[in-house]
Every structure is written in structure tokens, then in C-alpha cells.
Amino acid sequence: MREILSFLPARRTPPPAADCRGRLLDFTRVRIMGVLNVTPDSFSDGGKFFDLSHALEAVARMTEEGADIIDIGGESTRPGSAPVDESGELRRVMPVLERLDPSKGSLLSIDTRKPAVARTALDAGAHILNDVGGLADPHMREEAAWAGAPAVAMHMRGEPRTMQENPIYEDVVREVAACLEERAGAAEAAGVRSVWIDPGIGFGKTFDHNLDILRGLPAFLALGRPLVVGVSRKAFVGAITGVKRAEERLAGSKVAEAFAALAGADVIRTHDVKAAVEALKMAAALARGRAGDE
């Protein structure tokens, strides 16, 4: 246990609060981003929330459980997945966004790689743009800047269809951190006022790469931007724990999420909000060394 904890950084000063289009989000505690896949083929929930009524029920439940952000996506990015066209993606996400009130409840994030989807969702009141394409497309940076929205730059090598075909790095932590620093700088130069970074666990990485990134999170903290980490239900968790079904990888996911929080992550992206809230409360108590809030 001493070896595991020896790498943990001293508690840093939180990054600046983000103006999420008129609603302020600070990082004085770890924030929870709940995942809502309105797709028929996501790796973790396989169409469970494709129906509008089920999707809206999930938003209400995750908000009640403590999600600070709901991340709504209409295109599966699981390894090997095929792309969805712009109109198809809009048909999936817009009915949900149009039924939600952006002035209350959890903040709303649109998870997309398409500038037109980003603009339409932001027009409808989404607060945050989450781009698994890493804001490589200058039009994505322009949409976030135009809307005055925070933007998440996630690292992915290649495309979802091919990203797991023999990914190779000389130093995965150094290379991913350098890429995110470059992308974040480009977004800021384009006028995006709050850029968050996500090392993209499972996106063009082997299982060992994922572990290296989790142990190397201090390198991402050094970039000085809000750090998003998503490990929930991912294949490397199943490989380690022996749990084949994604929806059953709860225990391993929560351990990895608590580990990321103790290492300094600012936002945990998760499918299981209630369990994540409990895990992060435990992680916070361990970090403080006492049970109380103060």
C-alpha cells in the first residue's frame, strides 16, 4: 500500500472555476459527469437509453444521485464502432436536450465530434462541449468559443473503428500530455476560455497504457487545466477483474475512479453515479485523514 500511495501528488490548488454559459462550476471538490448514451450500440448499456422516456428518466435519476454534469452522446465511440452521420446523431440527442431546462439541475454536456451537432446542441442550451476528437477540428474550437462554453479535449489515437489496432507509444504519458497541451493551447488561442483535458483511457491505448496513464496523472495535473478521467466499465477493468459484461464491472470501476480522484482528477466521467459519489466521498475522507467535511 505504501508503494501505491507514494506517487500521489500533494493536494494542488484547484484550477479556476469554469463559467458554463452563465452557471459557475468550481473544482474545490471532484465533480461527477454522468454518462447518457442515446445510442443503440454503446459498449456499456447497449441501447438502454435509446428511448426518449428512458433517457429522461436517466437524467432525473443521475441528477438526484448527485451528478454535476450529464454528458449526452448520440454516437457510439466503442472500439470498432462505425460513425453516425450528422442528421442521425441530431435525431438522437436533440429530443433529450429539448426536453431539459438548462437553468436548473445538472449541467448538460454534448458529447460529439461534429461541429454542426455541437452548434445545435449548444443553441439548445448545452453548457459544455465534450469532444473525443480532442478539439483537433478548428471548427469545433470555433463552436465552443462562439457559444462561450467550456470544452473538453480528449485524447484519441486514430478513429473509434481502428483505434485499438496495435496502438504504440514510446512514452504514453509524455506523448498524450504533449498532445493535450497542444490542443488546449490551440483552443485557447481560438477563444475558448475554459479548456478541460481528458487523457482518453481506452481510446487508442493498450490495457498497460491505461494503467500507465492512471499512475501518471500528475503529469496531466501539471498542465494546469481541469482534468477529466473516464474509466467506467472499460475493457481494461474487465481484463483485470475477470468480469466480462461491461455493466457488471462496478467494483473495479469504482476502485479506479477513487484512485484517479486521489491522484488529483477534477472530473470523473461515469455510468454509475450513485456508486461513484459514494466512492469519491470515501476517497476524500482518506485524503483528509478524517471523516468530517472540515
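The values are calculated or read from the model by the stated rules, or taken from the named source; none is laboratory data. None of these values were measured; they are calculated from a predicted model. Every residue, glycine as well, gets a Cβ built from its backbone with ideal geometry; the counts of neighbours run over all protein chains shown.
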Among the residues of the range 93-143, what is the count of those that are in contact with a helix residue (DSSP H, G or I) (Cβ under 6 Å, 6 or more places away or on another chain), small (Gly, Ala, Ser), surrounded by fewer than 21 Cβ atoms within 10 Å (Cβ to Cβ) and closer than 29 Å to ARG61 by Cβ? 2
Restricting the search to the range 190-220, which residues are among the acidic types (Asp, Glu), touching a residue at least 24 places away in the same chain (Cβ under 8 Å) and more than 30 Å from GLU142 (Cα to Cα)? ASP212
Condition first: in a loop (DSSP other than H, G, I, E, B), within 20 Å of ALA279 (Cβ to Cβ) and not charged (D, E, K, R). Now tell me which residues in the range 218-241 satisfy that. PRO226, VAL231, SER232
Please find, within the range 242-261, the residue that is nearest to VAL273 (Cα to Cα) out of those that are of a type in the set (A, V, I, L, M) and in a helix (DSSP H, G or I). LEU250
Test PHE236 against the criterion of being in contact (Cβ under 8 Å) with a residue 12 or more places away in the chain, under 19 Å from THR77 (Cβ atoms) and among the aromatic types (Phe, Trp, Tyr), and give yes or no. yes
Being of a type outside the set (Gly, Ala, Ser), farther than 19 Å from ASP123 by Cα and either surrounded by fewer than 19 Cβ atoms within 10 Å (Cβ to Cβ) or modelled with pLDDT of 95 or more (or both) is the filter here; which residues of the range 79-92 pass it? PRO79, PRO83, ASP85
When you check ALA67 against the structure, is it under 16 Å from VAL96 (Cβ atoms), surrounded by fewer than 16 Cβ atoms within 10 Å (Cβ to Cβ), at pLDDT 95 or above and not acidic (Asp, Glu), yes or no? no
Identify, please: which residue in the range 189-216 is touching a Lys or Arg at 6+ places or on another chain (Cβ under 9 Å) and of a type in the set (Asp, Glu) and is, among those, nearest to ALA144 (Cα to Cα)? ASP198
I'd like the residue in the range 19-35 that is among the hydrophobic types (A, V, I, L, M, F, W, C) and over 16 Å from PRO102 (Cα atoms) and, out of all such residues, is surrounded by the fewest Cβ atoms within 10 Å (Cβ to Cβ). PHE27
Conditions first: (1) more than 19 Å from SER76 (Cα to Cα); (2) free of Cβ contacts under 8 Å to residues at least 12 places away in the same chain. GLU143 passes all but one, so which condition is the exception? (2)
Of the candidates ARG233, ARG249, ARG269, the one satisfying the condition of being buried (at least 23 other Cβ atoms within 10 Å of the Cβ) and on the phi > 0 side of the Ramachandran plot is ARG233
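Sort out which residues of the range 237-248 are charged (D, E, K, R) and either out of contact with any helix residue (DSSP H, G or I) (no Cβ under 9 Å at 6 or more places or on another chain) or closer than 16 Å to ASN210 by Cα (or both), and write them in order of number. Before the answer, list the steps.
Taking the range 237-248 first, the residues charged (D, E, K, R) are 244-245, 247-248.
GLU247, the sole residue that qualifies.
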Considering only the range 184-221, state which residues are in contact with an Asp or Glu (Cβ under 7 Å, 6 or more places away or on another chain) and either β-branched (Val, Ile, Thr) or buried (at least 24 other Cβ atoms within 10 Å of the Cβ) (or both). VAL195
Pairs only if they're at least six apart or on different chains, beta carbon under 7 angstrom, first in the range 162-188 and over 17 Å from GLY133 (Cα atoms), second outside any loop (DSSP other than H, G, I, E, B) and of a type in the set (Asp, Glu); list them, first residue then second. TYR169/GLU175; VAL172/ASP212; VAL173/ASP212
